[in-house]
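Asks: Just passing along the structure, written as structure tokens.
The values are calculated or read from the model by the stated rules, or taken from the named source; none is laboratory data. All figures in this text were calculated on a predicted structure; none of them were measured in a lab. Here the Cβ positions follow ideal geometry from the backbone for every residue, glycine too, while neighbour counts run over all protein chains shown. The area values use the complete protein model at the heavy-atom level, side chains included, leaving out ligands, DNA and RNA. Shrake-Rupley method; radii C 1.70, N 1.55, O 1.52, S 1.80 Å.
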Amino acid sequence: MGRTPFQFEGDYAAVSQDEYKRRARDPRFDNAHRVEYAAMGWANQIGHAEFPPGELNKILADTDDKVPSHNAVNNHIRKAKGWGFIEVESNRRCLVLPMYHFQKGIGDRTCDEHGLRPHKRFRP
């Protein structure tokens with residue numbers, strides 16, 4: 001069984017999610033950008049990037065491996081929202097990418113944080 005073709009409109013190109021995971025952990029970048037990179041690196045098919053409690057804080061550690069507080073991470077997320085990098089429903093547990101910004105052809109289509117589950121069809 002092959003993969004379903006990736007369908008989109010517009011001028012799009014594929015990116016390496018592993019590269020965005022690396023960038024998210026790189027303290028040389030601005031923290032709002034690192035939040036966007038984390039969203040890109042861990043996003044599933046519907047653009048939701050879920051994190052266990054405290055995991056995003058660890059990803060955003062500084063050059064001395066100092067983990068930022070929840071308040072600091074919330075401020076970085078607020079800035080990323082303000083710049084349009086992520087959707088307003090994003091939080092420390094799930095970063096949500098705008099649909100026009102991110103598409104993925106394979107992967108999970110659920111989000112526990114936002115209560116999203118695929119609809120089950122009735123099959124007689």
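Asks: Spot the failing condition for Thr63; the list is (1) under 13 Å from the mean Cα position of the chain (by Cα); (2) under 19 Å from Arg25 (Cβ atoms), and only one is missed.
Replies: Going through (1) under 13 Å from the mean Cα position of the chain (by Cα); (2) under 19 Å from Arg25 (Cβ atoms) one by one, Thr63 breaks only (1).
Asks: Here's a follow-up. If you go through region 73-84 one residue at a time, do you hit one that is small (Gly, Ala, Ser) and over 23 Å from Gly10 (Cβ atoms)? Spell out the reasoning first.
Replies: As a first pass, look at region 73-84 and keep what is small (Gly, Ala, Ser): 80, 82, 84.
If we keep only those that are over 23 Å from Gly10 (Cβ atoms) as well, we get 82.
Yes, some residue in region 73-84 is small (Gly, Ala, Ser) and over 23 Å from Gly10 (Cβ atoms).
Asks: How many of the residues in region 43-71 are within 16 Å of His33 (Cα to Cα) and in contact with a Cys (Cβ under 7 Å, 6 or more places away or on another chain)?
Replies: 1
Asks: Give me the helices (runs of 4 or more DSSP H) completely within region 1-112, filtered to those with at least 2 residues that are open to solvent by less than 20 Å² (accessible area, probe 1.4 Å) and free of Cβ contacts under 8 Å to residues at least 40 places away in the same chain, ordered by residue number.
Replies: Correct list: 55-59.
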